[in-house]
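Peer 1: This is the structure I have questions about; it appears just below.
Read the figures in this text as sums done on the coordinates, not as results from a lab. Bear in mind that the values here come from a model prediction, so they are computed numbers and not experimental data. Note that we place each Cβ from the backbone using ideal geometry, even for glycine, and neighbour counts take in every protein chain shown.
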Amino acid sequence: MEQYILIAICLVFGGISLRLWYNNFSSRRQQRKRFKRGIKLEKKAESYLINQGFSILGEQLEYKHSYFVNSEETSSILTIDYLVEKNGRLYVVEVKSGKTAISIKNRSTRRQLLEYAVAIECEGVYLLDMENEELSLITFDFPNRAVSNSKDYRLVSFLILIIIALLIIVYYYIF
């Protein structure tokens, strides 16, 4: 009787192990297929960009991006798909494929493009959806930059109002 229980336990664990191995194998196979397809579409993107009037300046370029953590300089390497030029303007192009990554609403895609916009001096960042062959110029509004300007204008406006008020007071006391 104990032998049957031991055999049953071994069969259950063997079945679970086989299922886990198959899931892992299947996942890796799908990942390889997606990777190969992504590389193929990225190569296709080059001719697409040229047909859209862009000049390809570089492919898979690496940029060192520096930033500070607790006043200590740190850096990361950013790899962009394409650096292109059109009408004398420089752009970064990120090529995406798949179901979710092709959308700017995808958090990872949006953050990646935002990082490019901040770190690389260019006119803009394009998102190239090779699934549908759609090219979208993505621009970001940096409100913190605008707020600092508006604070400067508010301070100048406030100082002008004080000067006008003082001139009115002086005018009434003199006349």
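Peer 1: Which of Gly58, Gly15, Gly124 ends up with the largest GNM mean-square fluctuation for the chain, with Cα atoms connected below 10 Å?
Peer 2: Of Gly58, Gly15, Gly124, the Gaussian network model singles out Gly15 as fluctuating most.
Peer 1: Shifting gears a bit: Taking neighbour Cβ counts within 10 Å as the exposure measure, how do Val12, Val69 sort from fewest upward?
Peer 2: Placing the least packed residue first, the sequence is Val69, Val12.
Peer 1: How far apart, in nm, are the 7 Å Cα→Cβ label points at Ile5 and Gln60?
Peer 2: 5.8
Peer 1: Could you work out how far apart the two model spin labels at Ser75 and Thr139 are, taking each label as a point 7 Å from the Cα in the direction of the beta carbon, and quote it in nm?
Peer 2: Taking the simple label geometry, Ser75 and Thr139 are separated by 3.1 nm.
Peer 1: Going by how many other beta carbons lie within 10 Å of each one, how would you line up Leu18, Leu128, fewest first?
Peer 2: Leu18, Leu128
Peer 1: Once you sort the root eigenvalues of the Cα gyration tensor of the stretch 6-97 as a ≥ b ≥ c, which label holds: rounded (a/c under 1.5), prolate (a/b larger than b/c) or oblate (the other case)?
Peer 2: It comes out oblate by the Cα gyration axes.
Peer 1: Same structure, new question: Can you give the local net charge around Trp21? Use residues other than it whose beta-carbon is closer than 14 angstrom to its beta-carbon, Lys and Arg +1, Asp and Glu -1.
Peer 2: +3
Peer 1: Inverting the mean 1/r over all pairs of different Cα atoms, compute the Kirkwood radius of the chain and quote it in Å.
Peer 2: In the chain this quantity evaluates to 21.6 Å.
Peer 1: Of all the Cα-Cα pairs you can form in the stretch 37-140, what percent are over 18 Å apart?
Peer 2: Looking at the stretch 37-140, the distances longer than 18 Å represent 47 percent of pairs.
Peer 1: Taking 0.36 nm per residue of sequence separation and subtracting the Cα-Cα distance, how much length would be gained by fully extending the chain between Arg19 and Ile174, in nm to one decimal?
Peer 2: 46.2 nm
Peer 1: Still on this structure: Under 5 Å between amide hydrogens, which residues at least 5 positions from Leu90 or on another chain qualify, with H placed 1.01 Å from N in the peptide plane?
Peer 2: For Leu90, whose amide H was placed from the backbone, the distant partners under 5 Å are Glu123.
Peer 1: Where in the chain are the DSSP H helices whose C-alpha atoms run 15 Å or more along the long axis and whose mean Kyte hydropathy is at least -0.5?
Peer 2: 2-51, 143-174
Peer 1: Test of understanding: in a Gaussian network model of the chain with alpha carbons linked when under 10 Å, which of Ala101, Ala45, Ala165 would top the mean-square fluctuation ranking?
Peer 2: Evaluated over the chain, the most mobile residue of the options is Ala165.
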